[in-house]
Structure formats: structure tokens, C-alpha cells
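What follows draws every value from the coordinates through simple rules; no lab data is involved. Note that this is a predicted model, so its numbers are computed, not measured. Glycine gets a Cβ as well: all are built from the backbone with ideal geometry, and neighbour counts include every protein chain shown.
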Amino acid sequence: MALTFDAGAAAEPGWDILKTLGERSIRCTFFLTGRFARRNPDLVQAIVAGGHELGNHTFSHPDLQKLNDDAIREELRRAEEVISGIAGISTRPWFRPPFGSRDRRVLSVAAEEGYQCVYWTLDSWDSYRKGITAEEIRERVLGRIRPGGVVLFHIGSRATADALPDILDELDRRGLRCVPVSQLGAPLPR
């Protein structure tokens, strides 16, 4: 199964998330916006140093279905330029549309830019539900996770950072191994 982290807003909990993942030698995929990367270059470099994959989450986090094809391309290209300049590695081939907003046209434009969309099978609700607690995230994820799944978390969620150690411990007890999306081996949710 793959744990994925979107990064576009707050950064501080990200340091605790990286520490928890590092202590357990777990590698994940982080979808970054260009603006986030530009504001947090040290965190981006730490993500890469931890052996994690990067994915493109656009430059400014717009709803891509509301943009024309050229604007979608510009969002992806600007994000790639900023992120790869800081990280030293490309975000290709992984891409996650902001808000999960995609249709055939968005997916086609992204594919033309060399990206494969990675959606999720389980949303932790750490961004969706205001005031969600670490315990609620833990219960939601552990109650719904399945082998081959892709879990959506957000790097800016303090509740996620607090829930992550317990989630990882329980996944380990269940024999579920966390891998980056490139190693999932199952068809990725698009």
C-alpha cells in the first residue's frame, strides 16, 4: 500500500512526519506545489534525502478543470521547474490534481506533459474535515485501509503527524508494507 502526502499549505508538521517515516525506514510519495517548494526548500531537500518520491501538485493549486489546456501545462511546467531546481530530481511521472479535480481532458494534457495521475483509494480527511483529531484520522485510515490502497494525507496536518506513528505501527502488525507509488505494483487509482 502507498501512503501519499500532498503539500501546498503549512509545512511545520512535515518535519515530524519525515522523522516518523525515517525512524521506520518507510518511503512514500509527496505531491508538492511549486509555491510550497519555493517557500520550504529545506523541507523539500529533506524529503528527497529521506528517499521519498516526488510528484507534481501544480504550481499554485488551482482547480484544473476550470483552466484551459495551456494554463494546465503552465501549472505543471512551473511546478516542475521550481521543484526539480530545489530537489535535484524530477516530479515526473507522478501528478496529483489539486482537489482531485480531473476529467479526461486534464488527464490527457498531463499525459502530454509526461505525467501519470495518482488519485487515492482512501482520503484521511485531514484536510477535508475541519478540526479532525489524530484519533479520528487513525480510526478512519485503519478501519478502511486495504492492500494495494493509496492513502491521501496532507503534510500540513498536525493531526496527521500525531496519528502517523500509531497508524504505521498497526499497519506493520497487520503485515501491510508501505511503499512509494512507483513500487505499488497494482493499477493506480486515476
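In this simple spin-label model, placing a label point 7 Å from the Cα along the Cα-to-Cβ direction at both SER182 and ARG92 gives a separation of 1.3 nm. Contact order, relative form, for the chain: 30 percent (alpha carbon pairs under 8 Å, 6 or more residues apart, mean separation divided by residue count). A Stokes-Einstein calculation at 4 °C with viscosity 1.567 mPa s, built on the Kirkwood radius of the range 61-172 over Cα pairs, returns a diffusion coefficient of 83 µm²/s. Along its principal axes, the chain has C-alpha extents of 46, 33, 33 angstrom, given from the largest down. The alpha carbon centroids of the range 134-160 and the range 1-41 are separated by 14 Å.
Peptides 76-86, 50-60 ordered by packing proxy, namely the average of other Cβ atoms within 10 Å per residue, highest first: 50-60, 76-86.
Note on ASN68 and ARG173: with the Förster distance fixed at 41 Å, the Cβ-Cβ geometry gives a FRET efficiency of about 0.25. Projection of the Cα convex hull of the range 31-71, averaged over all directions and equal to a quarter of that hull's surface, yields 3.2 nm². Extent of the range 1-50 along its three principal axes (Cα atoms, max minus min coordinate, largest first): 28, 20, 17 Å. Distance between the pseudo-spin-label points of ALA11 and SER101 (7 Å out from Cα toward the beta carbon): 2.5 nm.
Quote the FRET efficiency, to the nearest 0.05, computed for GLU23 versus LYS130 with a Förster distance R0 of 22 Å and r equal to the Cβ-Cβ distance. E(calc), rounded to 0.05, equals 0.15.
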